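Take a look at the structure set out below.
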Amino acid sequence: MRTFENYHNVYLYVEPLTDDDPDLKKRYQISNTLKYLENYLNITTNQYNRIVENRTNLYLYPNSSKALHQHLVIFFGDIHFLLIAVEKSYLLSFELLDLLDCQELHHSEERSETFQSIKHMRNNLEHMNENLTCHDSRYNRCIEERGWYTNWFDRQWSGMTGNTIGLGKHSFSICEDSFTPLWDLYDNILSVIEEKYVLPNKETVDRIFSGHIKKWN
């Protein structure tokens with residue numbers, strides 16, 4: 001899994017050098033959004049690593065034991081927060097694409113099956129409490145139908161196969177390949193920032209901050 005720390009190497013080239021810069025607000029917005037995008041991408045990596053480790057540990061506990069139940073709750077929490085972090089990373093990426101005048105790529109990625117699956121699954125979990133007391137046919141994935149209001153949560157998630165979680169018609173695999181579209185999107189954003197802000201301002205910024213710029217390793 002990747003980590004993301006390029007903000008610290010590029011923000012001086014993005015942010016305005018003077019208070020009368022006509023793009024002052026936009027430059028700060030790009031800089032701040034990139035910072036928080038990288039934060040959420042790194043949260044995604046952290047959550048993935050936790051899930052992989054915790055899933056391995058599940059096999060250490062006897063079936064139907066209290067310890068297994070407790071760790072399954074933690075496992076579910078890690079998956080839930082992973083979906084939140086992945087969706088937030090996409091949304092911050094879309095904000096950056098708009099700021100960088102790349103709306104076409106934004107709309108293309110927003111319509112992608114990958115993002116729509118993440119959005120659907122995260123949204124459904126956010127409203128899980130509603131589905132515990134009512135029936136919504138959009139999210140049916142019943143292994144054994146015992147009534148509309150019975151064990152909604154168990155029926156939706158007990159069908160996890162291998163690394164893949166399914167909910168309705170959508171699924172998400174807990175593997176590194178699932179994050180490739182998001183990483184590619186980030187790389188595209190970084191290349192646009194490099195082209196539009198870093199390279200045109202590099203000579204001036206390097207001269208002004210000579211001796212003060214430290215490479216973030």
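Is it true that Y90 is modelled with pLDDT of 95 or more, open to solvent by less than 50 Å² (accessible area, probe 1.4 Å), of a type outside the set (A, V, I, L, M, F, W, C) and touching a Ser or Thr at 6+ places or on another chain (Cβ under 9 Å)? Before you say what the answer is, go through the steps one by one.
Details: modelled with pLDDT of 95 or more: yes; open to solvent by less than 50 Å² (accessible area, probe 1.4 Å): yes; of a type outside the set (A, V, I, L, M, F, W, C): yes; touching a Ser or Thr at 6+ places or on another chain (Cβ under 9 Å): yes.
Answer is yes for this residue.
Of the numbered criteria (1) touching an Asp or Glu at 6+ places or on another chain (Cβ under 7 Å); (2) in a helix (DSSP H, G or I), the one F4 fails is (2). In segment 93-113, the condition of being among the basic types (K, R) and at pLDDT 95 or above is met by at least one residue. Filtering T33, T44, T18 for residues that are more than 20 Å from H106 (Cα to Cα), of a type in the set (S, T, N, Q) and assigned to a helix (DSSP H, G or I) leaves a single hit, T44. I need the full set of residues from segment 181-214 which are modelled with pLDDT under 95 and among the small types (G, A, S), in order please. Selection gives S210, G211.
Scan segment 184-198 for residues that are touching a residue at least 40 places away in the same chain (Cβ under 8 Å) and either open to solvent by 30 Å² or more (accessible area, probe 1.4 Å) or more than 26 Å from F81 (Cβ to Cβ) (or both) and jot them down. Before you say what the answer is, go through the steps one by one.
Just the residues of segment 184-198 that are touching a residue at least 40 places away in the same chain (Cβ under 8 Å), to begin with: 185-186, 188-190, 192-194, 196-198.
Those that are touching a residue at least 40 places away in the same chain (Cβ under 8 Å) and either open to solvent by 30 Å² or more (accessible area, probe 1.4 Å) or more than 26 Å from F81 (Cβ to Cβ) (or both): N188, L190, V192, I193, E194, K196, Y197, V198.
Scanning segment 33-56 for residues that are open to solvent by 50 Å² or more (accessible area, probe 1.4 Å) and either more than 17 Å from the chain's Cα centre (by Cα) or on the phi > 0 side of the Ramachandran plot (or both), we see that the one that is modelled with the highest pLDDT is E53.
State whether one or more residues within segment 13-30 are in contact with a His (Cβ under 7 Å, 6 or more places away or on another chain) and either in contact (Cβ under 8 Å) with a residue 60 or more places away in the chain or among the hydrophobic types (A, V, I, L, M, F, W, C) (or both). Steps first, please.
Residues of segment 13-30 that are in contact with a His (Cβ under 7 Å, 6 or more places away or on another chain), as a first pass: none.
No, segment 13-30 contains no residue that is in contact with a His (Cβ under 7 Å, 6 or more places away or on another chain) and either in contact (Cβ under 8 Å) with a residue 60 or more places away in the chain or among the hydrophobic types (A, V, I, L, M, F, W, C) (or both).
Does S117 fit the bill of being in contact (Cβ under 8 Å) with a residue 24 or more places away in the chain, surrounded by 17 or more Cβ atoms within 10 Å (Cβ to Cβ) and under 26 Å from E15 (Cα atoms)? Against the criterion (in contact (Cβ under 8 Å) with a residue 24 or more places away in the chain, surrounded by 17 or more Cβ atoms within 10 Å (Cβ to Cβ) and under 26 Å from E15 (Cα atoms)), S117 does not qualify. Looking across L92, L99, L105, one residue alone is closer than 11 Å to L185 by Cβ, in contact with a helix residue (DSSP H, G or I) (Cβ under 7 Å, 6 or more places away or on another chain) and touching a residue at least 60 places away in the same chain (Cβ under 8 Å). It is L105.
The values are calculated or read from the model by the stated rules, or taken from the named source; none is laboratory data. In this text, all values refer to a predicted model and were calculated from it rather than measured experimentally. All Cβ positions, even for glycine, are placed from backbone atoms using ideal geometry, and neighbour counts span all protein chains on display. The accessibility values were calculated without ligands, DNA or RNA, using every heavy atom of the protein model including side chains. Shrake-Rupley method; radii C 1.70, N 1.55, O 1.52, S 1.80 Å.
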